[in-house]
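This report concerns only the one structure given below.
The values are calculated or read from the model by the stated rules, or taken from the named source; none is laboratory data. Values in this document were obtained by computation on a predicted structure and should not be read as measured data. When we count neighbours, we look across all protein chains shown, and the Cβ atoms used for this are built from the backbone with ideal geometry, even at glycine.
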């Protein structure tokens, strides 16, 4: 945009460098967007598992063994925390991204959408955990 | 006579500024293009009472401390949208923000972020006004209608769909809250998208097709990364982030549906 220059006008454009550090809201935004890297990292770990599975039993067992190392466990704990935070913030922003949902003539509140999403995540995680638990014992 | 007595009464109930003991430091970002190469902070000690808004604090500065301080204001009651500024880094209407909440630490006031500064707290809003005009912010009737046919009718349910988005007062706080607009001022931005959505959702309107060209365009909704701060700072609960994100879905639908039903190009 070009401000129309007349006479002594000299509009000052402020720099944007470091914009995200200026406001706690933006810092939190960068952190919750940043958790996406952990989600991607975990997807990569799973992908490596699939590749190792395709390479045969020895490779697969090697991958399983690697997952038992303290570093791998620490990494998984870190990813778990990041994922939980990721889901939390994702469902918090969700009401802002959806068109209005009407239930029995009333608009569904933001709290209802957020808690619905969180409940669905908790339920899906519990079911998955149960299935994997059953399969592995 | 009675009027005079009432006036006298009012004078006594309001303390004169010199009698007020509390003062608060207000830092103001000054920019006087004829003497400053870049904005500089200037601190004023402002006496205040608990009912004084930040705007009133600025008015005190202008009246008693430095008459050259420039800022925009009009209604003093959060409806004209003129007095938006950054108060301690947060986009706020200065008439609706109170000095007492910053006592005793003080506060820093700057011109609305992401807009060029014209002078002191006055920003250049040409870009916003041009965008406002570009979205045809008025009802474009589906079919021309003669005056004799009477008014357009709308049910309360039909009104509810857009009412929230019609509360916008063009204060531009959402633009000062949007880093994507700050990084790329070509982006249509939150407030204008909310207004565009308001007309598109109006049952009396038939202009959606014309307005959607802008939504789909390079400068349209996909510049938004769902930071959400625009809705957070909106003094009228418009929720511009919602308007922008609903239109992302609309735009994506349009993108895929054009393979089924081709039509004109986007802007």
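Overview of results
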{"read-out": "Odd one out for residue B:231 among (1) part of a helix (DSSP H, G or I); (2) farther than 15 Å from residue B:91 by Cα", "value": "(2)"}
{"read-out": "Hits in segment B:35-89 - residues which are part of a strand (DSSP E or B), within 14 Å of chain A (Cβ to nearest Cβ) and either out of contact with any helix residue (DSSP H, G or I) (no Cβ under 9 Å at 6 or more places or on another chain) or free of Cβ contacts under 8 Å to residues at least 60 places away in the same chain (or both)", "value": "B:40, B:41, B:85, B:87"}
{"read-out": "Residue A:131 vs. criteria in a helix (DSSP H, G or I), within 21 Å of residue A:49 (Cα to Cα), away from chain B (no Cβ under 13 Å) and in contact with a helix residue (DSSP H, G or I) (Cβ under 6 Å, 6 or more places away or on another chain)", "value": "no"}
{"read-out": "Residue that is nearest to the other protein chains (Cβ to nearest Cβ), among those in segment B:144-178 that are touching a strand residue (DSSP E or B) at 6+ places or on another chain (Cβ under 6 Å) and part of a helix (DSSP H, G or I)", "value": "B:176"}
{"read-out": "Residue match in segment B:137-156 (condition: farther than 21 Å from residue A:25 by Cα and either in the same structural domain as residue B:73 (by TED's automatic domain parsing) or buried (at least 19 other Cβ atoms within 10 Å of the Cβ) (or both))", "value": "no"}
{"read-out": "Residue within segment B:183-193 that is touching a residue at least 40 places away in the same chain (Cβ under 8 Å), over 16 Å from the mean Cα position of the chain (by Cα), buried (at least 19 other Cβ atoms within 10 Å of the Cβ) and not assigned by TED's automatic domain parsing to the domain that holds residue B:83 present", "value": "no"}
{"read-out": "Output for segment B:91-142, where each listed residue is facing chain A (nearest Cβ under 10 Å) and assigned to a loop (DSSP other than H, G, I, E, B)", "value": "B:111, B:113, B:114, B:115, B:116, B:124, B:125"}
{"read-out": "Single unsatisfied condition, residue A:66 versus (1) surrounded by 17 or more Cβ atoms within 10 Å (Cβ to Cβ); (2) outside any loop (DSSP other than H, G, I, E, B)", "value": "(1)"}
{"read-out": "Set B:207, B:220: member being within 28 Å of residue B:153 (Cα to Cα) and either out of contact with any strand residue (DSSP E or B) (no Cβ under 6 Å at 6 or more places or on another chain) or assigned by TED's automatic domain parsing to the domain that holds residue B:253 (or both)", "value": "B:207"}
{"read-out": "Test result for residue B:224, under 21 Å from residue A:108 (Cβ atoms), within 13 Å of another protein chain (Cβ to nearest Cβ) and touching a helix residue (DSSP H, G or I) at 6+ places or on another chain (Cβ under 7 Å)", "value": "no"}
{"read-out": "Pair list, Cβ < 6 Å and 6+ apart or interchain, from segment A:18-31 residues that are more than 14 Å from residue B:178 (Cα to Cα) and at the interface with another protein chain (Cβ under 7 Å from one of its Cβ atoms) to residues that are at pLDDT below 95 and crowded, with 16+ Cβ neighbours inside 10 Å", "value": "none"}
{"read-out": "Residue in segment A:102-113 that is within 14 Å of another protein chain (Cβ to nearest Cβ), in contact with a helix residue (DSSP H, G or I) (Cβ under 6 Å, 6 or more places away or on another chain) and in a helix (DSSP H, G or I) present", "value": "yes"}
{"read-out": "Residue match in segment B:26-37 (condition: over 16 Å from residue B:122 (Cα atoms), buried (at least 19 other Cβ atoms within 10 Å of the Cβ), at pLDDT 95 or above and outside the structural domain of residue B:233 (by TED's automatic domain parsing))", "value": "yes"}
{"read-out": "Single residue of segment B:179-220 satisfying the filter (more than 17 Å from residue B:129 (Cα to Cα), in contact with a helix residue (DSSP H, G or I) (Cβ under 7 Å, 6 or more places away or on another chain) and not in a helix (DSSP H, G or I)) that is farthest from the other protein chains (Cβ to nearest Cβ)", "value": "B:207"}
